[in-house]
Amino acid sequence: MIPYGRQDITEADIKEVEGVLRSSYITQGPAIEAFEKKVAEHCSVESAVVVNSATSALHLCCLALGVEEGDIVWTSPNSFVASANAARYCGAAVDFVDIDVHTGNICVDVLATKLADSEKTGKLPKLLIVVHFAGQSCDMQAIKKLADRYRFKIIEDAAHAIGGSYQNKPIGSCKYSDATCFSFHPVKIITTGEGGAITSQNSDIIEKVSMLRTHGITRDVNSMHYSPDGRWYYEQHDLGYNYRMTDIQAALGLSQMDRLANYVTIRHALLERYRDTFKNYPLDILRQESYGRPSWHLCVVKLQLEHFKYSKAEICERLYEAGIGVNVHYIPIYLQPYYRNIGFQQGHCPEAEKYYQQALTLPLHPLLTQDEEDFIAAEVKKLLR
Ligand SMILES: *Cc1c(COP(=O)(O)O)cnc(C)c1O
């Protein structure tokens with residue numbers, strides 16, 4: 001089976017991980033700090049905080065921005081459920097901003113209209129979690145303008161997007177947002193097995209998420225509320241979690257960072273080949289906006305189904321039988337039973353639903369060969385009328 005995405009682990013990665021396993025610290029040791037420094041440098045920010053997943057990263061950022069019961073958080077329906085769940089963990093109400101079907105990202109015009117309407121009803125969001133779908137940045141400058149006008153915070157869910165850029169700045173630089181969250185799950189751009197990271201230009205946010213990832217505990221003598229009665233002393237200031245990454249994972253991430261630029265180059269080359277192959281065929285690859293360079297985490301094609309012999313489900317079955325692990329990103333989040341149970345209904349975001357009918361994710365990862373790509377394209381073309 002050719003998977004839609006997968007990790008690439010080299011001998012160098014294995015050696016780095018082995019080094020940690022043979023050392024004194026397998027968690028909270030020097031690899032964590034080194035990995036954080038590397039991520040921060042890549043994003044041109046002062047500091048990054050690594051955690052055990054992007055889901056945890058999103059949760060901690062919501063907490064650091066003070067999201068709580070009674071607040072409203074908006075996000076994209078075209079995302080993994082974690083983008084919305086993070087706000088729910090904090091007790092906030094969520095709502096979804098419809099997308100532009102050509103990019104899969106939230107539509108800025110829809111956002112502007114929804115904000116104007118919500119201002120009238122007194123239901124403005126406290127926070128917008130934007131999702132850089134398939135690794136392509138949303139139009140952050142335009143969104144920030146709206147954030148200033150309507151006074152909401154912005155978190156970038158960049159689970160797909162490390163290695164991408166917007167206006168010639170790396171995604172994660174947070175020029176137009178309060179914080180950015182990355183994922184290092186094996187299907188994403190680089191991996192730590194499981195893992196995530198937070199970047200921010202706001203030192204209060206960095207401090208807060210660092211503390212919350214380890215139970216809300218501090219060992220910083222300068223911030224103690226009481227005077228320490230010995231060197232064992234620590235204080236818990238807040239109700240935090242154990243969201244820590246291990247040094248074993250950080251060593252893998254650190255080693256993978258060396259190949260980040262190369263991975264993105266390979267992904268672009270493979271995606272452009274797909275674009276060429278399907279140029280005169282009734283399927284449309286996501287549009288690339290001129291304002292940035294995506295990391296191209298996913299190759300999503302929108303099928304013009306009237307030109308195919310089969311339904312999307314059948315197309316998916318046939319490709320699977322041919323050994324091609326296609327997938328779909330994403331089922332609109334609010335159509336999940338959990339979200340229907342809290343009041344969402346079919347039709348809430350018509351564009352996201354239309355997109356979902358057509359979208360199919362073809363394999364795209366750094367180990368995919370051109371021969372495999374040609375095979376995939378040929379198998380897809382066989383299904384046309
Ligand atoms: C994968 C993913 C997440 C969650 O990442 P984990 O590291 O698995 O917790 C969040 N948002 C999006 C858009 C994702 O694709």
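Within segment 29-39, can one find any residue that is surrounded by fewer than 22 Cβ atoms within 10 Å (Cβ to Cβ), in contact (Cβ under 8 Å) with a residue 24 or more places away in the chain and outside any helix (DSSP H, G or I)?
yes
Which one is nearest to LEU63 (Cα to Cα) among residues in segment 212-238 that are open to solvent by 50 Å² or more (accessible area, probe 1.4 Å) and either within 33 Å of the chain's Cα centre (by Cα) or among the small types (Gly, Ala, Ser) (or both)?
ASP238
Residues of segment 55-88 being more than 9 Å from the ligand (Cβ to nearest atom), out of contact with any strand residue (DSSP E or B) (no Cβ under 8 Å at 6 or more places or on another chain) and hydrophobic (A, V, I, L, M, F, W, C), which ones?
LEU63 - this is the single residue of segment 55-88 that is more than 9 Å from the ligand (Cβ to nearest atom), out of contact with any strand residue (DSSP E or B) (no Cβ under 8 Å at 6 or more places or on another chain) and hydrophobic (A, V, I, L, M, F, W, C).
If you go through segment 1-25, how many residues are in a helix (DSSP H, G or I) and open to solvent by 90 Å² or more (accessible area, probe 1.4 Å)?
Adding up the residues that qualify gives 4.
For the list (1) in contact (Cβ under 8 Å) with a residue 60 or more places away in the chain; (2) within 12 Å of the ligand (Cβ to nearest atom), I need the number of the one condition that ASP98 fails.
(2)
Output the qualifying pairs, or none if there are none: Cβ atoms under 8 angstrom, residues six or more apart or on different chains, first residue in segment 217-236 and within 17 Å of GLN28 (Cβ to Cβ), second residue aliphatic (A, V, I, L, M).
Filtered contacts from segment 217-236: ILE217/MET211; THR218/MET211; THR218/MET224; TYR234/ILE217; GLN236/ILE217.
Spot the failing condition for GLU69; the list is (1) surrounded by 18 or more Cβ atoms within 10 Å (Cβ to Cβ); (2) not in a helix (DSSP H, G or I), and only one is missed.
Of (1) surrounded by 18 or more Cβ atoms within 10 Å (Cβ to Cβ); (2) not in a helix (DSSP H, G or I), only one is false for GLU69: (1).
In segment 95-118, how many are surrounded by 23 or more Cβ atoms within 10 Å (Cβ to Cβ) and assigned to a strand (DSSP E or B)?
3
Got a number for residues in segment 144-199 being more than 9 Å from the ligand (Cβ to nearest atom), open to solvent by 20 Å² or more (accessible area, probe 1.4 Å) and among the charged types (D, E, K, R)?
The number of residues fulfilling the criteria is 9.
Write out, first by first residue and then by second, each pair whose Cβ atoms fall under 7 Å of each other, whose residues are 6+ apart or on separate chains, and whose first residue, in segment 110-136, is farther than 30 Å from HIS365 by Cβ while the second is of a type outside the set (A, V, I, L, M, F, W, C) and surrounded by fewer than 20 Cβ atoms within 10 Å (Cβ to Cβ).
LEU115/TYR150; GLU119/TYR150; LEU124/SER118; LEU124/TYR150; LYS126/ASP71
The values are calculated or read from the model by the stated rules, or taken from the named source; none is laboratory data. For clarity, every value in this text was computed on a predicted model and none was experimentally measured. Glycine also receives a Cβ, built like all others from the backbone with ideal geometry; neighbour counts cover every protein chain displayed. With ligands, DNA and RNA removed, areas are computed over all heavy atoms of the protein, side chains included. Shrake-Rupley method; radii C 1.70, N 1.55, O 1.52, S 1.80 Å.
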